[in-house]
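Scroll down for the structure; my scribbles are underneath it.
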Amino acid sequence: EERALTRKDVEAAHARIAAKVKKTPVMHSRCIDELVGARVFFKCEHLQSMGAFKFRGASHVLSLLSEEEKARGVITHSSGNHAQALALAARQRGIPAWIVMPTSAPEVKRRAVEGYGATVVPCEPTLEARETTCARVIEETGATLVHPYDNADVIAGQGTIGLEILRQHGIGIDAIFVPVGGGGL
């Protein structure tokens, strides 16, 4: 289901997840300033739980699940950070999680997902294999799909980064540059 997101959606997401995610710092680099001829700040999401902003979106989606959905668990397909984010967020809430990961995924990522307590379901390294495997596990378990980027609630959770930037730096920001690929940020 597609829906246009508003600032109110992101503010609501921030209110839901503020106690679960880290407020990461915004850092400055004089050397970068000199290279680009402007003051540049960096939002340090590598310091977020599990090391990436993806934890924000996963946490937000899980905050919206009904008790019945929580009991059935969650599933996603990912070869990396979203996989780890959903696994950790699910563990923190006592929700079962299945992560469909291509066999080509880095071993360190797979081990991290398993370390967070999720069940890794291997598949061939194609989008079709990921989606087919997810569908099979959903049919078997009733788990709720938490798509890594095509999910408005994931996107709203990721968007909380922008709110934090504005709250940490407020007035005086001319532009915010964000690499975007789907809703994955």
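Quick notes on this one:
- The angle between the Cα long axis of helix 81-93 and the main principal axis of the chain comes to about 70°, on a 0 to 90 degree scale.
- Database remark: amide H of VAL120 closer than 5 angstrom to the amide H of ILE99 (H placed geometrically; neighbours at sequence offset of 5 or more, or on other chains; Pro and chain starts carry no H).
- Extreme residue, positive dipole direction of the range 63-167, given options VAL137, ASN81, ILE155 (C-beta unit charges): ASN81
- Cα convex hull, the chain: 131 Å³ per residue, rounded to a whole number.
- Working from label points 7 Å from Cα in the Cα-to-Cβ sense, the ALA12 to ALA38 distance is 3.3 nm.
- Bridge type composition, the range 1-126 - antiparallel percent by DSSP, nearest 5: 25 percent
- Cα gyration tensor of the range 1-41 - equivalent ellipsoid semi-axes, whole Å, descending: 32, 16, 7
- Counting Lys and Arg as +1 and Asp and Glu as -1 over every other residue whose Cβ lies under 14 Å from the Cβ of SER29, the net charge comes to +1.
- With the cut-off at under 15 Å, measuring from each backbone N in the range 133-157 to a point 7 Å along the Cα-to-Cβ line of VAL121 picks out 133-148.
- Fraction of accessible area attributable to carbon and sulfur, the range 51-93 (%, probe 1.4 Å): 43 percent
- Pairs spanning more than 21 Å between alpha-carbon atoms, out of LYS22/LYS54; LYS8/LYS70; LYS54/LYS109; LYS23/LYS70; LYS23/LYS109: LYS8/LYS70; LYS23/LYS70; LYS23/LYS109.
- Between helix 54-63 and the chain: long-axis angle, C-alpha atoms, 0 to 90°, nearest 10: 60 degrees
- Using the Karplus relation 6.51 cos²θ - 1.76 cosθ + 1.60 with θ = phi - 60°, the per-residue 3J(HN,Hα) values for the range 146-158 come to 10, 4, x, 8, 9, 8, 4, 6, 5, 4, 4, x, 5 Hz, with x marking Gly and Pro.
The values are calculated or read from the model by the stated rules, or taken from the named source; none is laboratory data. Treat the numbers as computed from the prediction; the structure is a model and nothing was measured. Neighbour counts run over all protein chains shown; Cβ positions are idealised from the backbone, glycine included. What goes into the accessible areas is simple: the full protein's heavy atoms, side chains included, and nothing from ligands, DNA or RNA. Shrake-Rupley method; radii C 1.70, N 1.55, O 1.52, S 1.80 Å.
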